[in-house]
Amino acid sequence: AYERRFPTCPLIPMFVASDTVNEYKSEDEAIHVIERRCKLDIDAPRLLKKIAGVDYVYFVQKNSLNRRERTLHIEAYNETFSNRVIINEHCCYTVHPDNEDWTCFEQSASLDIKSFFGFESTVEKIAMKQYTSNIKKGKEIIEYYLKQLEEEGITFVPRWTPPVACKLESSTSHPRRPVSPAINIPDSGTKEGLNNKEILNTSSSPSEPTAGTPDDKLDADYIKRYLGDLTPMQESCLIRLRQWLQETHKGKIPKDEHILRFLRARDFNIDKAREILCQSLTWRKQHQVDYILDTWNPPQVLQDYYAGGWHHHDKDGRPLYVLRLGQMDTKGLVRALGEEALLRYVLSINEEGLRRCEENTKVFGRPISSWTCLVDLEGLNMRHLWRPGVKALLRIIEVVEANYPETLGRLLILRAPRVFPVLWTLVSPFIDDNTRKKFLIYAGNDYQGPGGLLDYIDKEIIPDFLGGECMCEVPEGGLVPKSLYRTAEELENEDIKLWTETIYQSASVFKGAPHEVLIQIVDASSVITWDFDVCKGDIVFNIFHSKRAPQPPKKDSLGAHSITSPGGNNVQLIDKVWQLGRDYSMVESPLICKEGESVQGSHVTRWPGFYILQWKFHSMPACATTNLPRVDDVLASLQVSSHKCKVMYYTEVIGSEDFRGSMTSLESSHSGFSQLSAATTSSSQSHSSSMISR
């Protein structure tokens, strides 16, 4: 289908003509390389063409088809004005690694304008406009020619197989073989040498566990049983995002169901889903959210006066949560507990919801990834619009929206009073549009009529306070006694206590101001371990050693040694007069870490003294034609501050007498995602390590 666009293509008006300048075919017909000179009529102002002295521009395009590996690589560069403008483009068609019936397509390009008669900015805009329109039309053109082939009766092309002569030749020695391009041919015994159907039927070895799902990730039964109906595009997005997480988050891969929630929340836009998922994983790790259900007991006030609880399931099998908001004293709860305790309680409810979804998936034999919430507003009044209470509610909504997307299947709001529109006006701007579509609001007793509660909940489990026959064990709420109220100072101290139960610290890294941590080593052969996440920007991680202690950071704000910012501290220990090689030395090669990456590692100390861990701002290198940043990296760099990075880190020193085993056994030893990850060997270790360290 791709070859049909040559020598010219009516669907690409600017593509006027093309001539073949070079062609090569290997003897076994596995390799076919063809080079063309393409004539383009660029959509540019007539004045610009006149100044440049050309009506057409010429590009050289090289297409390399490898039938053995089932790939098509397309490279193109400009011939016209190549001394003024350098354009490089690379496209690649490949077979999907997990499903051989899918074709993957990747495309990247670079533009470097050295000079163009003073019209550099105009040329850049024209090039970007032309390239964007070509990307949009690329799929449309391929589909046009595929349809054309189908109309001609061509719906299948036999796969390449080695000629008989080649097979015989491979079993004998041959001192003089025809020279062909170097090709990486995997051994027949390796996994890559098998076709995908053989891989799926091959049992995986115990040393290579597949995280979070059955061995066959794309098995139709598995998808239907645990994930639900997915289009090929959605399934491909899931695989690509999971693969990216495997490459950047060692041993911390969430389950497919959890990744899918973030993809659905961003309409399967991988870049947007990856961004919010990484932020959420970092947040879970920092606040030990995975351990809330096991380590945190709600205060008695919450157990007595928070009018909410789980109550069976709806008709779709979703867990049902009942909240009697109108009977709840939100002002009293905030005054008695503070905002942080309420937030943590809501997080524990959401964690319990995730657990119940997994249980119901097993019970009902179909994927259940969300729950239904029934909110009874009987009794709602102006007291519930108390400003600090609304502020706490908005913050809770913000946190839940960011970290539990697509977990609310349906929200049934019953007996909404006249004051409800006021509350809705305050709250609705903070609720995602997709979530808002799941709201059903009933005034008075409308929920008892057609289209009401019975459409969503079985009659047998409608709570008694709504006229049903099922006893509901949700607390009735009521006013919180004022004797339980706390002072602002007590609440502030309690808030700090609640959210500092984390082994991780946050730090800001600025351009020209790295963050540094000092570790004193008394015994040689001790092991320094670290675990950090790059939350924002790109950084360079270094480890230095010095025989003498650096001066402690100055406390004055103008000293530039210690900076405190909302995003975390910034401490600089290495004095500007120190010289590398004289006052201190580098003991590990610098490690460049990208935004979103999670890094674990360790270093066995050779000498006693002072070790300095440094996180330094990493500047994007100048673009070179042979080493360009990925498009994703460029877009990401535009979305964050160009002079500030943020890291979240944890370090620990293990004495030489306590260290046993290989260095790799220390990796991921402080992972905080055990509940969302598969049952890997590191998850149980991470829990115990984190608890001990705290």
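The values are calculated or read from the model by the stated rules, or taken from the named source; none is laboratory data. Computed from a predicted model, the values in this text were never measured in an experiment. Cβ: placed from backbone, ideal geometry, glycine included. Neighbour counts: every protein chain shown. Heavy atoms of the whole protein, side chains included, go into the accessibility calculation; ligands, DNA and RNA do not. Shrake-Rupley method; radii C 1.70, N 1.55, O 1.52, S 1.80 Å.
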Worksheet item: Based on what the data block shows, is SER115 of a type in the set (Gly, Ala, Ser), open to solvent by 40 Å² or more (accessible area, probe 1.4 Å) and closer than 30 Å to SER26 by Cα?
Response: no
Worksheet, complete the sentence: Apart from one, (1) among the charged types (D, E, K, R); (2) at pLDDT below 80; (3) in contact with a Ser or Thr (Cβ under 8 Å, 6 or more places away or on another chain) all hold for ASP432; the odd one out is (3)
Worksheet item: If you scan segment 586-603, which residues turn out to be within 20 Å of CYS535 (Cβ to Cβ) and hydrophobic (A, V, I, L, M, F, W, C)?
Response: LEU591, ILE592, CYS593, VAL599
Item to complete: State all residues of segment 465-475 that are open to solvent by 100 Å² or more (accessible area, probe 1.4 Å), more than 21 Å from GLY449 (Cβ to Cβ) and out of contact with any helix residue (DSSP H, G or I) (no Cβ under 6 Å at 6 or more places or on another chain); if no residue qualifies, say none.
Response: GLU473
Worksheet item: Taking segment 304-342, which residues are surrounded by fewer than 21 Cβ atoms within 10 Å (Cβ to Cβ) and aromatic (Phe, Trp, Tyr)?
Response: TRP310
Worksheet item: Which of the residues spanning segment 265-279 are in contact (Cβ under 8 Å) with a residue 40 or more places away in the chain and buried (at least 21 other Cβ atoms within 10 Å of the Cβ)?
Response: ALA265, ARG274, CYS278
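Would you be able to tell me the number of residues in segment 377-398 that are in a loop (DSSP other than H, G, I, E, B) and either surrounded by fewer than 17 Cβ atoms within 10 Å (Cβ to Cβ) or touching a Lys or Arg at 6+ places or on another chain (Cβ under 8 Å) (or both)?
As a first pass, look at segment 377-398 and keep what is in a loop (DSSP other than H, G, I, E, B): 377-381, 386.
Next cut, either surrounded by fewer than 17 Cβ atoms within 10 Å (Cβ to Cβ) or touching a Lys or Arg at 6+ places or on another chain (Cβ under 8 Å) (or both) only: 377-379, 381, 386.
Total meeting the criteria: 5.
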Discussion item. Going by what's in this entry, would VAL301 be described as under 31 Å from the mean Cα position of the chain (by Cα), assigned to a helix (DSSP H, G or I) and surrounded by fewer than 21 Cβ atoms within 10 Å (Cβ to Cβ)?
Written reply: no
Discussion item. Please go through (1) modelled with pLDDT of 90 or more; (2) crowded, with 19+ Cβ neighbours inside 10 Å; (3) under 28 Å from the mean Cα position of the chain (by Cα); (4) not basic (Lys, Arg) for PHE544 and return the number of the only condition it doesn't satisfy.
Written reply: (3)
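Search segment 578-604 for residues being among the β-branched types (Val, Ile, Thr) and modelled with pLDDT of 90 or more, and hand back the single one that is most open to solvent (accessible area, probe 1.4 Å).
Just the residues of segment 578-604 that are among the β-branched types (Val, Ile, Thr), to begin with: 587, 592, 599, 604.
Checking which are modelled with pLDDT of 90 or more leaves us with 587, 592.
Working: VAL587: 36, ILE592: 91 Å².
Only one residue fits best here, namely ILE592.
I'd like to check something: does segment 60-83 contain any residue that is at positive phi and either in a strand (DSSP E or B) or open to solvent by less than 80 Å² (accessible area, probe 1.4 Å) (or both)? Give the steps one after another, and end with the answer.
Applying the first criterion (at positive phi) to segment 60-83 yields 70, 81.
Pick out the ones that are also either in a strand (DSSP E or B) or open to solvent by less than 80 Å² (accessible area, probe 1.4 Å) (or both) and you get 81.
Yes, segment 60-83 contains a residue that is at positive phi and either in a strand (DSSP E or B) or open to solvent by less than 80 Å² (accessible area, probe 1.4 Å) (or both).
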Worksheet item: Got a sec? Which of GLY332, GLY326, GLY309 is of a type in the set (Gly, Ala, Ser) and not in a helix (DSSP H, G or I)?
Response: GLY309
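Quick check on my filter: what residues within segment 343-367 are among the β-branched types (Val, Ile, Thr) and either touching a residue at least 60 places away in the same chain (Cβ under 8 Å) or farther than 30 Å from ALA443 by Cβ (or both)? Can you show your working first?
We begin by selecting, within segment 343-367, every residue among the β-branched types (Val, Ile, Thr); these are 346, 349, 361, 363.
Within segment 343-367, THR361, VAL363 meet the criteria.
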Item to complete: Filter segment 15-49 down to residues that are open to solvent by less than 30 Å² (accessible area, probe 1.4 Å) and within 22 Å of ASN134 (Cβ to Cβ) and give me whichever is modelled with the lowest pLDDT.
Response: LEU48
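Given the criteria in contact with a Phe, Trp or Tyr (Cβ under 9 Å, 6 or more places away or on another chain) and in contact (Cβ under 8 Å) with a residue 40 or more places away in the chain, does GLU378 qualify?
Yes.
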Worksheet, complete the sentence: The condition of being among the small types (Gly, Ala, Ser) and in contact (Cβ under 8 Å) with a residue 24 or more places away in the chain holds, among SER110, SER121, only for SER110
Item to complete: Mind counting the residues in segment 399-424 that are at pLDDT below 85 and either in a helix (DSSP H, G or I) or in contact with a Lys or Arg (Cβ under 9 Å, 6 or more places away or on another chain) (or both)?
Response: 5
Response to the item:
When every residue in segment 436-464 that is charged (D, E, K, R) and either open to solvent by less than 40 Å² (accessible area, probe 1.4 Å) or in a loop (DSSP other than H, G, I, E, B) (or both) is compared, the one nearest to GLY379 (Cα to Cα) is LYS438
